[in-house]
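The values are calculated or read from the model by the stated rules, or taken from the named source; none is laboratory data. What you see is a predicted model; the values in this text were computed from it and never measured. Cβ: placed from backbone, ideal geometry, glycine included. Neighbour counts: every protein chain shown. Accessible surface areas use protein heavy atoms only, side chains included; no ligands, DNA or RNA. Shrake-Rupley method; radii C 1.70, N 1.55, O 1.52, S 1.80 Å.
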Amino acid sequence: MAALENPGFNSVIIVGAGPSGLLLALCLATLDPRPEITILDAAETLNRAPRATHYGTPAIKLFRKVGILAEMRRDGYLPRDVCWRKLDCTRLTGLSWDTVGKDLDSDAMTVYPVGDLAHLLERELRSRADIKIRWGCKVSGIKSGLDAGDDTATVEFEEDGESKQCTADYVVGTDGGNSTVRRLVFGKRNFPGRSWEEQIVATNTEIDLDKFGFEDSNFIIHPVHFYMAARIKPDADPKKNVWRISYGELPGLSNEELMERLPMKFEQILPGSPKPDEYRVLNKSPYRVHQRCVDSMRINRVMLAADAAHLCNPFGGMGLTGGIADISALFQCLEGMHKGLVDESILSTWSDVQRKKWHEIIDPISSSNIRRLFAQDPDRALEEDGFLQMLKKAEVNPDLQKELHKAGDQLLHDYTQYFQKSGAVDKQANVANGGESAGLDEVAS
């Protein structure tokens with residue numbers, strides 16, 4: 001079947017130099033011929049605040065395809081286990097990666113700070129494609145691209161005190177939860193969903209939790225003192241292990257009050273009631289958590305992806321992996337367009353499918369993850385929580401363990417099924433379904 005006429009594109013503007021935007025740029029840089037890629041970000045440099053660290057199978061598949069997984073695993077690590085506990089450290093149940101078997105090693109969860117990932121992606125964009133981020137560019141308007149008759153999209157922004165604009169075939173907003181692109185498209189208040197009353201404080205902390213029998217990831221169930229402690233940087237000296245400790249706090253407190261309360265909270269929630277001289281807080285960041293999703297991720301020539309399009313609470317890593325799944329899916333569609341295998345209507349399909357995955361998978365599962373920590377009696381959690389009961393069964397059922405480890409694949413979708421049928425498409429489908437790729441231009445997971 002003949003390729004579509006004029007299906008492709010020559011240029012893309014990416015607003016937001018977080019990991020999702022940079023990952024999309026690296027994917028687009030593999031296309032031949034390579035489109036012009038412009039990356040704008042309002043900040044002056046990469047964001048190094050403590051944020052997400054754990055990547056599920058959809059993200060791992062894409063990292064492998066773009067050739068960065070080996071370095072991530074060299075400098076990060078593969079966690080061995082996760083568990084749920086009561087505040088007194090009593091272990092309720094958990095899941096071990098050691099018992100799954102080598103057949104899943106290639107897609108095993110990987111821990112790597114998202115700030116380090118952004119730095120890695122920025123470096124690769126420079127070295128592979130000589131693509132540089134334009135820092136300090138504050139987007140102020142979208143001049144064209146939102147109406148059906150527009151054949152390009154123009155972004156207006158401030159750079160070095162001057163008003164400028166940039167035009168491309170498509171614009172992708174990956175500028176985070178406070179997305180300027182989203183607000184320009186939908187207005188400041190039109191982001192459907194809800195906000196959690198509970199506030200969260202995330203820290204990166206050097207502390208010895210091994211002496212209390214903590215596993216690589218630990219979720220502590222308590223109506224007031226709920227928290228997560230996940231090892232993000234192992235060290236031969238247990239005192240130098242770095243842990244992501246994220247805990248719930250009282251609503252209504254200012255950031256200053258939250259930071260003042262941190263030593264008291266650590267003494268209340270952590271085993272051994274540590275004093276400040278028994279740990280070292282490397283980074284700390286208070287924030288509100290939300291469950292929200294836009295009404296559409298595509299408005300003609302403007303797309304929204306990852307946190308710019310949808311948000312969820314951080315417990316369970318659904319936000320980070322879900323955002324990267326957006327990028328993997330979007331690139332699959334753009335690559336099909338670039339090769340003349342599908343027209344731009346695939347972008348509307350992408351919007352519909354990715355939003356459905358948020359509503360049917362990411363939102364309910366992530367909401368259950370956080371409610372599980374504070375909305376039940378820890379002493380009755382195993383009796384009343386179906387998920388914990390399933391984990392208990394999985395402790396002695398290797399087949400069930402494998403199913404649970406592959407659960408993240410629910411976020412994947414094979415968009416090549418909408419492409420024109422040809423040998424090239426069949427090869428793409430093989431890649432999308434886990435087959436080996438002969439080159440980076442075949443990223444489709």
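One line per residue, one yes/no per condition, for (1) under 30 Å from C166 (Cα atoms); (2) open to solvent by less than 20 Å² (accessible area, probe 1.4 Å):
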position: G21; (1), (2): yes, yes
position: D41; (1), (2): yes, no
position: E44; (1), (2): yes, no
position: P58; (1), (2): no, yes
position: E71; (1), (2): no, no
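Counting only residues that are among the small types (G, A, S) and under 12 Å from the mean Cα position of the chain (by Cα), which one in segment 51-75 is farthest from P234 (Cα to Cα)? Once the filter is applied, the top-ranked residue is A59. Inside segment 368-398, residues that are in contact with a Leu (Cβ under 7 Å, 6 or more places away or on another chain) and either among the acidic types (D, E) or farther than 11 Å from W84 by Cβ (or both) make up a count of 3. Considering only residues in segment 112-131 that are assigned to a loop (DSSP other than H, G, I, E, B) and touching a residue at least 24 places away in the same chain (Cβ under 8 Å), the one that is farthest from D41 (Cα to Cα) turns out to be Y112.
Here's a check for you: in segment 154-179, which residue that is part of a strand (DSSP E or B) and in contact with a helix residue (DSSP H, G or I) (Cβ under 9 Å, 6 or more places away or on another chain) is nearest to D363 (Cα to Cα)?
Our first condition is that a residue be part of a strand (DSSP E or B); within segment 154-179, this holds for 154-159, 162-168, 170-173.
Keeping just the survivors that are in contact with a helix residue (DSSP H, G or I) (Cβ under 9 Å, 6 or more places away or on another chain) gives 155, 170-173.
On the way: V155: 31, Y170: 28, V171: 26, V172: 23, G173: 21 Å.
Across segment 154-179, the extreme among qualifying residues is G173.
Can we say A148 is over 30 Å from R244 (Cβ atoms) and aliphatic (A, V, I, L, M)? So A148 passes the test. Out of everything in segment 317-328 that is farther than 21 Å from P192 by Cβ and assigned to a helix (DSSP H, G or I), what residue ends up being most open to solvent (accessible area, probe 1.4 Å)? Out of the qualifying residues, it is L320. Quick check on segment 180-190. Is at least one of its residues open to solvent by less than 20 Å² (accessible area, probe 1.4 Å) and either in a loop (DSSP other than H, G, I, E, B) or without any contact (Cβ under 8 Å) to a residue 60 or more places away in the chain (or both)? Within segment 180-190, not a single residue is open to solvent by less than 20 Å² (accessible area, probe 1.4 Å) and either in a loop (DSSP other than H, G, I, E, B) or without any contact (Cβ under 8 Å) to a residue 60 or more places away in the chain (or both). Of all the criteria given as (1) modelled with pLDDT under 95; (2) surrounded by 13 or more Cβ atoms within 10 Å (Cβ to Cβ), the one not satisfied by S367 is (1). The sole residue among P234, P314 that is touching a strand residue (DSSP E or B) at 6+ places or on another chain (Cβ under 7 Å), of a type outside the set (D, E, K, R) and surrounded by 22 or more Cβ atoms within 10 Å (Cβ to Cβ) is P314.
Does M303 meet the test of being over 21 Å from F63 (Cα atoms), touching a Pro at 6+ places or on another chain (Cβ under 6 Å) and in contact (Cβ under 8 Å) with a residue 12 or more places away in the chain? Here the answer is no, as M303 does not meet what is asked. Reported count of residues in segment 106-159, each being farther than 13 Å from T38 by Cβ, under 25 Å from the mean Cα position of the chain (by Cα) and open to solvent by less than 70 Å² (accessible area, probe 1.4 Å), is 18. Does G67 count as closer than 22 Å to L412 by Cα, open to solvent by less than 10 Å² (accessible area, probe 1.4 Å) and not hydrophobic (A, V, I, L, M, F, W, C)? No. So, D32, is that one among the acidic types (D, E), in contact with a helix residue (DSSP H, G or I) (Cβ under 8 Å, 6 or more places away or on another chain) and either open to solvent by less than 40 Å² (accessible area, probe 1.4 Å) or farther than 20 Å from K357 by Cβ (or both) or not? Criteria met by D32. A Cβ distance below 7 Å, combined with a sequence gap of six or more or placement on separate chains, defines the contacts here; from segment 317-340, residues that are under 30 Å from F219 (Cβ atoms) and touching a residue at least 40 places away in the same chain (Cβ under 8 Å) reach residues that are β-branched (V, I, T) and surrounded by fewer than 24 Cβ atoms within 10 Å (Cβ to Cβ) in the pairs M318/I365; L320/V114. Selection of segment 191-214 for residues being touching an Asp or Glu at 6+ places or on another chain (Cβ under 7 Å) and either on the phi > 0 side of the Ramachandran plot or open to solvent by 30 Å² or more (accessible area, probe 1.4 Å) (or both) yields only P192.
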